[in-house]
Amino acid sequence: MGLFLRILAWRKSMFAQMLVLTAIFLGWGAYAFVIRPLADLPVPAMTRPPLQATEDELRSTLYQFMVAARDDPTDTPDIAQDDFIRQIEERNPRFRFYVRVGDRAFGNGAPALFRQFRFDQFERLHRSINDPAICSQSEKIIKRGPTDDFATFRMCDHLSYFEYRNLRYPVVIEQGAGPTVRQIWFWAFSGNFLLAAGGVFLIFAVIFVAHMLSIRRVAKLARSIDPQRLDSTLPEKGVATEILPLVRAVNHLIGQVNAEQRRSTFFLSAAAHEMRTPLAVLRTRLELMEDGPQKDKLVGDVRRLIRLVNQLLTLMSIGNRRDVTGFTDLVASTTKVIEDRSVPAEQSDVTLVIVSEVESFEIPGDATLIESAIANLVDNAISFAPAGTTVRLSVGRDGRITVRDHGPGLGDMDPEDLFEPFARPVSGRRGYGLGLAIVAAIVRLHGGTRAARNVADGGAEFSVTFAA
């Protein structure tokens with residue numbers, strides 16, 4: 001089933017479609033340019049009759065000996081010693097041959113055809129003229145049934161002549177393996193076609209791979225875009241014309257989302273700013289009321305609203321920033337947060353402990369924001385830690401700050417959801433769930449990472465990492 005689904009998925013691949021079209025084109029081309037022309041051709045004779053092959057080999061042997069005896073008369077062995085000639089004589093007792101090179105004669109018989117065709121007269125005429133520039137050449141064939149009697153004459157500066165008679169029985173000759181039918185088919189008909197089709201496919205494949213690399217580059221850039229920072233778009237330069245409309249549509253969508261995000265951020269920021277003044281006035285008027293349970297309750301509600309507004313303003317301001325300036329020592333910032341949070345920790349009967357693997361760890365960043373992130377983690381741990389327990393802070397050599405408590409832990413909630421605005425792991429707990437969202441925004445602004453997990457022996461551990 002999985003293989004079938006993968007095959008179905010390949011139908012949508014441009015490369016798979018190109019392979020299918022190439023296969024169809026090759027099939028049509030093979031039929032049109034190979035199979036049909038081959039069917040119309042006569043089948044060539046692949047082998048010669050044995051007697052004809054023997055006669056052809058005999059003429060070749062006698063001719064090669066005649067040339068060798070003319071060019072190198074001293075080192076050329078006698079033709080009578082040739083194995084092929086001996087085999088012919090054994091098979092044909094009446095076989096006679098005669099070879100003459102200049103004044104030297106070879107063979108097992110007299111030159112009967114030499115006088116019959118009056119080559120002797122040509123020889124005397126040439127000798128009387130004595131001019132090497134004048135040449136004579138002739139071949140004579142006498143039909144004798146399945147084979148021929150044969151004579152060849154040539155004379156310029158000297159005589160070259162051979163003849164043979166009475167060849168009736170063939171000699172077995174080891175012939176080299178000729179081309180197969182498949183080889184003849186391929187090289188005679190399909191070679192050029194397959195070469196052209198393969199070249200065209202290779203060109204298309206190179207172009208396709210180049211465009212695929214371009215598409216993968218654009219996809220990689222698209223995955224790297226921060227949803228909180230939509231001020232960058234996908235590059236249009238170097239993108240294939242067919243993909244360019246899609247890239248432009250995505251860039252248009254990014255612009256629209258960025259504009260909508262800015263409007264929402266501006267609205268929330270403006271609303272929070274506008275709420276601060278009425279809340280401050282309301283708190284002042286409540287302070288003027290007579291003391292009592294109702295007054296304390298109303299003042300507490302107003303304080304929580306003011307804290308909510310301040311947290312929203314902080315979150316909005318962090319989200320609108322694009323970079324940070326200055327340098328911060330993580331060890332010093334963590335120590336300062338411990339000192340600032342000592343009073344609320346004592347009120348909750350919680351002990352704050354700091355352990356650092358380094359004396360200092362300096363990073364590029366905003367000290368106020370980093371201290372705010374650490375403070376939110378500490379406040380969160382104090383609020384969950386049972387009375388009489390310890391909240392442990394540690395600074396690692398890699399710039400990792402860890403806050404460990406012994407509270408109820410994260411439960412079944414996804415740790416990633418904890419860093420979203422208004423997310424609260426425990427229902428009915430006081431607060432608005434913006435502390436960890438502020439931590440995530442500060443860490444993202446500084447290019448760091450954050451994580452949360454349950455600890456095996458109880459409690460939770462939150463960590464943020466900043467690169468040096």
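The values are calculated or read from the model by the stated rules, or taken from the named source; none is laboratory data. Bear in mind the structure is a predicted one, so any value in this text is a computation, not a measurement. Quick reminder, even Gly has a Cβ in these numbers, built from the backbone with ideal geometry, and neighbours come from all protein chains shown. Surface areas here come from the heavy atoms of the whole protein model, side chains and all, with no ligands, DNA or RNA. Shrake-Rupley method; radii C 1.70, N 1.55, O 1.52, S 1.80 Å.
Could you list all residues from segment 53-86 that are open to solvent by 80 Å² or more (accessible area, probe 1.4 Å), assigned to a helix (DSSP H, G or I) and not hydroxyl-bearing (Ser, Thr, Tyr)? Walk me through it before giving the result.
Let us first name the residues in segment 53-86 that are open to solvent by 80 Å² or more (accessible area, probe 1.4 Å), namely 63-64, 70-71, 74-75, 77, 81, 83, 86.
Filter again for assigned to a helix (DSSP H, G or I), leaving 63-64, 70-71, 81, 83, 86.
If the condition is that a residue be open to solvent by 80 Å² or more (accessible area, probe 1.4 Å), assigned to a helix (DSSP H, G or I) and not hydroxyl-bearing (Ser, Thr, Tyr), then 64, 70, 71, 81, 83, 86 are the ones that fit.
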Inset, instruction - Say whether the condition of being closer than 21 Å to residue 135 by Cβ and in a helix (DSSP H, G or I) is met by at least one residue in segment 92-112. - result: no
Inset, instruction - Could you tell me which residue of segment 98-111 is nearest to residue 80 (Cα to Cα), considering only residues that are of a type in the set (A, V, I, L, M, F, W, C) and open to solvent by less than 50 Å² (accessible area, probe 1.4 Å)? - result: 106
Inset, instruction - Those residues that are of a type in the set (A, V, I, L, M, F, W, C) and over 17 Å from residue 149 (Cα atoms), I need them from segment 69-107; list them, please. - result: 69, 79, 80, 84, 101, 105, 106
Legend entry - Where residue 207 falls short, out of the listed (1) open to solvent by less than 40 Å² (accessible area, probe 1.4 Å); (2) in a helix (DSSP H, G or I); (3) at pLDDT 75 or above: (1)
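Within segment 396-407, restricting attention to residues that are surrounded by fewer than 17 Cβ atoms within 10 Å (Cβ to Cβ) and touching a strand residue (DSSP E or B) at 6+ places or on another chain (Cβ under 9 Å), which residue is nearest to residue 365 (Cα to Cα)?
Taking segment 396-407 first, the residues surrounded by fewer than 17 Cβ atoms within 10 Å (Cβ to Cβ) are 396-398.
Checking the rest, the ones that are also touching a strand residue (DSSP E or B) at 6+ places or on another chain (Cβ under 9 Å) come to 396, 398.
On the way: 396: 17, 398: 16 Å.
Per the criteria, the residue is 398.
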Inset, instruction - May I ask you to verify whether residue 448 is touching a Phe, Trp or Tyr at 6+ places or on another chain (Cβ under 6 Å), open to solvent by less than 70 Å² (accessible area, probe 1.4 Å), small (Gly, Ala, Ser) and modelled with pLDDT of 85 or more? - result: yes
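Condition first: open to solvent by 90 Å² or more (accessible area, probe 1.4 Å) and in contact (Cβ under 8 Å) with a residue 12 or more places away in the chain. Now tell me which residues in segment 112-121 satisfy that. Before the answer, list the steps.
Going residue by residue through segment 112-121, those that are open to solvent by 90 Å² or more (accessible area, probe 1.4 Å) are 115-116, 118, 121.
Result: no residue meets the conditions.
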Inset, instruction - Determine which member of the set 251, 258 is closer than 28 Å to residue 207 by Cα and either outside any helix (DSSP H, G or I) or modelled with pLDDT of 70 or more (or both). - result: 251
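Take segment 386-395 and flag every residue that is open to solvent by less than 10 Å² (accessible area, probe 1.4 Å) and either in contact (Cβ under 8 Å) with a residue 60 or more places away in the chain or among the basic types (Lys, Arg) (or both).
Here is the first cut: in segment 386-395, the ones open to solvent by less than 10 Å² (accessible area, probe 1.4 Å) are 391, 393, 395.
Matches in segment 386-395: 395 only.
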Legend entry - The lone exception for residue 342 - which of (1) farther than 21 Å from residue 443 by Cα; (2) open to solvent by 40 Å² or more (accessible area, probe 1.4 Å); (3) touching an Asp or Glu at 6+ places or on another chain (Cβ under 7 Å) it fails: (3)
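Take the residues in segment 124-149 that are of a type in the set (D, E, K, R) and touching a Ser or Thr at 6+ places or on another chain (Cβ under 9 Å); name whichever of them is least open to solvent (accessible area, probe 1.4 Å).
To start, the set of residues in segment 124-149 that are of a type in the set (D, E, K, R) comprises 124, 127, 131, 139-140, 143-144, 148-149.
From the residues that got through so far, the ones that are touching a Ser or Thr at 6+ places or on another chain (Cβ under 9 Å) too are 139-140.
Working: 139: 115, 140: 77 Å².
My answer is 140.
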Legend entry - Residue satisfying all of: in segment 349-366; open to solvent by 50 Å² or more (accessible area, probe 1.4 Å) and within 18 Å of residue 388 (Cβ to Cβ); farthest from the chain's Cα centre (by Cα) among these: 349
Inset, instruction - For segment 379-412, enumerate the residues that are farther than 13 Å from residue 352 by Cα and β-branched (Val, Ile, Thr). - result: 395, 401
Legend entry - Residues (farther than 11 Å from residue 401 by Cα and part of a strand (DSSP E or B)) located in segment 450-468: 452, 453, 454, 460
